[in-house]
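Structure first, commentary second.
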Amino acid sequence: MTLSLGWLSALVAGVFSAHVLQRLCFPYFWRDLLFLLRVIRYGVKLELFKITSSVCTVLERFIQQAQRIPDKPFVLYDGRVHTYRDIEQRSNRLANVFLEKVNLRKGDCVALLMGNEPDFLCVWFGLAKVGCSVAFLNTNIKAKSLLHCFNCCGAKTLIVGSDLVDCLDGILTSLLDDNIQVWAMKSQSEHTQVHTLLDKLDAASDRPVPAALRATASLKSPTLYIFTSGTTGLPKAAVITHLQSLKAAAGFWAFGGTEDDVVYIPLPLYHSAASLIGIGGTIELGATCVLKKKFSASQFWNDCRKHDVTVFQYIGELCRYLCNQPKTEVDKVHKVRMGVGNGLRQDVWREFQSRFGNIKMCEVYGSTEGNLCFMNHIGKIGTVGRSNFFYRLLFKYDLVKYDMEKDEAVKDQHGFCQRVERGETGLLLSKVSALSPFFGYAGSKQLTEKKLMRNVFVKGDAYFNTGDLMAEDHEGFICFRDRVGDTFRWKGENVATTEVTETLGLVDFIQEVNVYGVEIQGHEGRAGMAAMIMRPGLTFDGKKLFEHVKRDLPAYAHPLFIRLQETMETTSTFKQQKFQLVRSGFNPSTISDPLYVLDYQQRNYIPLTDSIYQSILAGERKL
């Protein structure tokens, strides 16, 4: 008896010691394990699709949900409720119109230019039902960039929202010359060569088109093209396969979302966050989403209270706008329990939770075309994701030394990259493998190859270059540090410096221009700035530059600051030097070069004075 008690005491002491040791040395062990098991479970399901050659796509999942919960609200929009059955039937009608009137066929690519509205989903699903891939066009892009998008993905049909038809005024003739048919979500059109869809919709059948049209045997089949900023000067069409769509759709579920959740989506549907994670995630759960035409800081919490929102999507800038709103007594009166997004700064994160309640903020890191995703399931402030021994076994990534001044990875004497130590900042690279494939961009093998780094650690290996500088601490938390190369982020959008450079280069008085992003205290991302040299005999004309920028660039890509220089610095390989320009910022008291700032009220670039500079830092001047 005494011996048994001794063994039992030893066992209890051993278990207790192991528990204490685990809590001290591995505090996140069980949370990591449970989260990873969810990820693996979903991954096994995707692997089974490969084995059976029968893929249950996001569309297929939607159709299943429409049969299972037909009367459940799927989309709440502008005071109206659209059930799963409503969206299913309307997308069926559109599918029949696409087959019978538009003459689309399986395998065609169709471009979609629409803002946030339920018909975006109906058109998207209707096209997918007839076996078409869909290219989501950014509603901000204009002229040359818009035409370029069709060439990328090979689309010969454009479907445009009723409120965006006027955006085609400058390029409609070019589209028609390229044999691209244009269909508008309208009952009648002022343009004789723009066809209409709504007048054909009422007479169309809501019976499903043959299931064989939408069926696919491969996870790697392209289903969407989503455009990202192009460092070559124009947007790039990232190939989105069924595999990527299904992975993104599991995001809410992985973070603990349920079918009882109500998801608030204020982000644009042409981006992967809103469409793949937001809509796809809502479908995967069988939940309800509140779709907003455009984000409004003043309406956000009223909407959340009105619709009993429990989950919302964000970008860091969105949360900052909410924190800048006047405080009210009902700031914490809501049912929101979780936010899912990216780009949330530590200071904004703390202020947001302090003011609006202990909402779990789930940061997700990953690019539209990338083959790696980090998810901060722990919710640690200031980190974009979490890694551990098991995660590294499944997803191969590395942080390598990077020289910011030379704008290149540091190599050893054998020409291979060097890994950074724990806690040090390095360039994030993700290994390309069967488990983590990189599908690249449509229309250009060169662009796809440019995002890869080969012979990184050994001859023959290949890694996806994220272009992001990250650090991983000793507990396995991943922190975002900065972006490298020719892209920066402003107003929640990626700005390709080369596209802005090429646009500014068309102005007659500009000889050479170098575009980069500068930090502004209290603002997310970086504001656009352009250093430029004038042509001999010509002078800077702020009004002319304003009109040119306003006409040819989306608002988020407008350079806010101009710096006039006599000479342009370059690297030893004759690349424009940005590092010193970025570091020196836009302070007129420390920069001897003439500086100008964008003024929308005066429709001009005006001299940047010390008083204007101080008003920008104080947040008094709207940017």
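Observations on the structure shown:
- Within the range 289-303, the set of residues being under 24 Å from P70 (Cα atoms) and either surrounded by 24 or more Cβ atoms within 10 Å (Cβ to Cβ) or in contact with a His (Cβ under 7 Å, 6 or more places away or on another chain) (or both) comprises C289, V290, L291.
- Hits in the range 96-139 (condition: out of contact with any Leu (no Cβ under 9 Å at 6 or more places or on another chain), touching a residue at least 24 places away in the same chain (Cβ under 8 Å) and part of a loop (DSSP other than H, G, I, E, B)): G107
- For the range 483-530, the tally of residues that are assigned to a strand (DSSP E or B) and buried (at least 17 other Cβ atoms within 10 Å of the Cβ) stands at 20.
- Residue satisfying condition, being farther than 29 Å from G316 by Cβ, among the β-branched types (V, I, T) and over 25 Å from the mean Cα position of the chain (by Cα), within set V513, V507: V507
- Scope the range 222-277; condition touching a Lys or Arg at 6+ places or on another chain (Cβ under 9 Å), open to solvent by less than 30 Å² (accessible area, probe 1.4 Å), small (G, A, S) and closer than 23 Å to T310 by Cβ; matching residues: A249, A250, A254
- Meets criteria (open to solvent by 30 Å² or more (accessible area, probe 1.4 Å) and at pLDDT 95 or above) for Q325: no
- Just one of the listed residues (G281, G385, G370) is out of contact with any Ser or Thr (no Cβ under 8 Å at 6 or more places or on another chain), under 25 Å from E493 (Cα atoms) and at pLDDT below 95, namely G385.
- Considering L94, L113, the condition of being farther than 19 Å from I226 by Cα and modelled with pLDDT of 95 or more is satisfied by L94 alone.
- When residues of the range 596-623 are limited to those that are closer than 21 Å to Y321 by Cα and among the small types (G, A, S), the one least open to solvent (accessible area, probe 1.4 Å): S615
- For H148, the conditions (1) open to solvent by 10 Å² or more (accessible area, probe 1.4 Å); (2) assigned to a helix (DSSP H, G or I); (3) more than 30 Å from H548 (Cβ to Cβ); (4) out of contact with any Cys (no Cβ under 9 Å at 6 or more places or on another chain) all hold with the exception of (3).
Okay, residues lined up against (1) surrounded by 14 or more Cβ atoms within 10 Å (Cβ to Cβ); (2) in contact with a helix residue (DSSP H, G or I) (Cβ under 8 Å, 6 or more places away or on another chain); (3) of a type outside the set (A, V, I, L, M):
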| position | (1), (2), (3) |
| --- | --- |
| F389 | no, no, yes |
| Y402 | yes, no, yes |
| C417 | yes, no, yes |
| R422 | no, no, yes |
| S430 | yes, no, yes |
| Y441 | yes, yes, yes |
| T448 | yes, no, yes |
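- The residues of the range 392-407 that are free of Cβ contacts under 8 Å to residues at least 12 places away in the same chain and under 25 Å from the mean Cα position of the chain (by Cα) amount to a single one, R392.
- In the range 30-56, the residues that are part of a helix (DSSP H, G or I) reach residues that are open to solvent by 70 Å² or more (accessible area, probe 1.4 Å) with C-beta atoms within less than 6 angstrom, at least six apart or across chains, in these pairs: L36/F390.
- Scope the range 84-115; condition open to solvent by 10 Å² or more (accessible area, probe 1.4 Å) and within 24 Å of D71 (Cα to Cα); matching residues: R85, D86, E88, Q89, R90, R93, N96
- Filter result for N376 (crowded, with 21+ Cβ neighbours inside 10 Å and either over 15 Å from R481 (Cα atoms) or under 19 Å from the mean Cα position of the chain (by Cα) (or both)): yes
- Residue that is nearest to A297 (Cα to Cα), among those in the range 531-547 that are open to solvent by 10 Å² or more (accessible area, probe 1.4 Å), free of Cβ contacts under 8 Å to residues at least 40 places away in the same chain and not hydroxyl-bearing (S, T, Y): K544
- Count of residues meeting criterion [more than 16 Å from T368 (Cα to Cα) and not aliphatic (A, V, I, L, M)] in the range 464-480: 8
The values are calculated or read from the model by the stated rules, or taken from the named source; none is laboratory data. Since this is a predicted model, take the numbers as computed values, not measurements. Methodologically, a virtual Cβ is constructed for each residue, glycine included, from the backbone with ideal geometry; neighbour enumeration extends over all protein chains shown. Ligands, DNA and RNA are stripped out before the accessible areas are found, and what is left, the full protein with its side chains, is counted by its heavy atoms. Shrake-Rupley method; radii C 1.70, N 1.55, O 1.52, S 1.80 Å.
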